[in-house]
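Structure first, commentary second.
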Amino acid sequence: MKPPVDINPPLPIGVFDSGVGGLTVLGALQRRLPGEAMIYLGDTARVPYGPKSPETVAAYADEAAAHLVAEGIKLLVVACNTATVHALAGLQRRYPTLPIVGVVEPGAAAAAIASRSGRIAVIATEGTVRSGAYDAAIKRLRPEAKVVSRACGMLVALAEEGWAGDIVAEAVLRRYLGPMFEQDPHAAPDCLVLGCTHFPLFTAAIRTMFGPWVTLVDSSATVAEAVAALLSARGLARPAGTAVAATRYLVTDGPDRFALIASRFLGQRIEPAAVERIALPARTKDA
């Protein structure tokens, strides 16, 4: 077990993702907690995590967490569904004094509350769907729920290309979501969980397709609310009225491309010079 982590309110929040998808979580955190300093680490040299073994994902996540802890953080957000599934519990055991939040439980809790009928749909990447993590988390809170999941991997590439509002994205969304929602309204889900951190970028397109009768659960927004509540409960929040704080960006490869995609995801210009390239311990197993 690692030694206790020294945490206090002035320290930043650490946010870790396998690549760029977690930027939607970072953006939600920046909007919800503008006075909190943050460090975002994208393991862009080893993305994607989905096809890798659980052991390798856990090892990569441990290395990223160790780097952020060494930087000095007061809370860690695992802003990656695959890493949440395979590494969150291990990280919580390793750093028992550090608050650590994943992306699955907050979204599942919001869906369990929001669904009127108990019929809930989840869209995510193949690895997350295969794990059954959302299904299990929702049913722990609402055992009678009927959960249907769909892997929507093509949406990841469309988001990173900046095509979330394009006609191509609309066609892909209809292909993925049509079988789940275009049926008898008495049998269709009334709640949709955006179970990949890229997918909140498609919120406007999905609302246009299905209208207000489908409640959307944005995993990035639910994580931001969970973090705000946890900081308050632990006495770690910075004082209200604190000036907007800075965010540091760390990547393991491709800072120029990361800056381009981060600018799209966050809706603000991120200069390549503001992105720091770091090295995490190299591993070859299943890489």
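Some points to look at:
- Residue that is nearest to Ser117 (Cα to Cα) [pool: residues in segment 198-225 that are touching a residue at least 60 places away in the same chain (Cβ under 8 Å) and hydroxyl-bearing (Ser, Thr, Tyr)]: Thr215
- When Ala228 is tested against (1) at pLDDT 95 or above; (2) assigned by TED's automatic domain parsing to the domain that holds Ala145, only condition (2) is not met.
- Tyr40 falls short of the stated requirement of being assigned to a helix (DSSP H, G or I) and among the hydroxyl-bearing types (Ser, Thr, Tyr).
- Every residue from segment 238-253 that is surrounded by 16 or more Cβ atoms within 10 Å (Cβ to Cβ), modelled with pLDDT under 95 and either within 22 Å of the chain's Cα centre (by Cα) or of a type in the set (S, T, N, Q) (or both): Ala245
- Tally, over segment 66-91, of residues that are surrounded by fewer than 19 Cβ atoms within 10 Å (Cβ to Cβ) and over 23 Å from Gly19 (Cβ atoms): 1
- Checklist (1) surrounded by fewer than 19 Cβ atoms within 10 Å (Cβ to Cβ); (2) more than 23 Å from Ser18 (Cα to Cα) applied to Thr203, failing item: (2)
- For segment 119-146, residues that are of a type in the set (Gly, Ala, Ser), farther than 23 Å from Gly19 by Cβ and touching a Pro at 6+ places or on another chain (Cβ under 9 Å) total 1.
- Filtering segment 43-84 to residues that are part of a loop (DSSP other than H, G, I, E, B), of a type outside the set (D, E, K, R) and more than 22 Å from Glu225 (Cβ to Cβ) leaves Thr44, Ala45, Val47, Pro48, Tyr49, Gly50, Pro51, Ser53, Gly72.
- Test: residue in segment 210-219 that is modelled with pLDDT under 95, on the phi > 0 side of the Ramachandran plot and assigned by TED's automatic domain parsing to the domain that holds Ser117: yes
- Among the residues examined, Gly235 qualifies as at pLDDT below 95, assigned by TED's automatic domain parsing to the domain that holds Leu26 and farther than 15 Å from Leu29 by Cα.
- For Tyr134: the one exception among (1) surrounded by fewer than 19 Cβ atoms within 10 Å (Cβ to Cβ); (2) of a type in the set (Ser, Thr, Tyr); (3) in contact with a Ser or Thr (Cβ under 8 Å, 6 or more places away or on another chain): (1)
The values are calculated or read from the model by the stated rules, or taken from the named source; none is laboratory data. In this text the structure is predicted, and so the values were computed from the model without any measurement. FYI the Cβ positions are ideal-geometry reconstructions off the backbone, even for glycines, and counts take in every protein chain you see.
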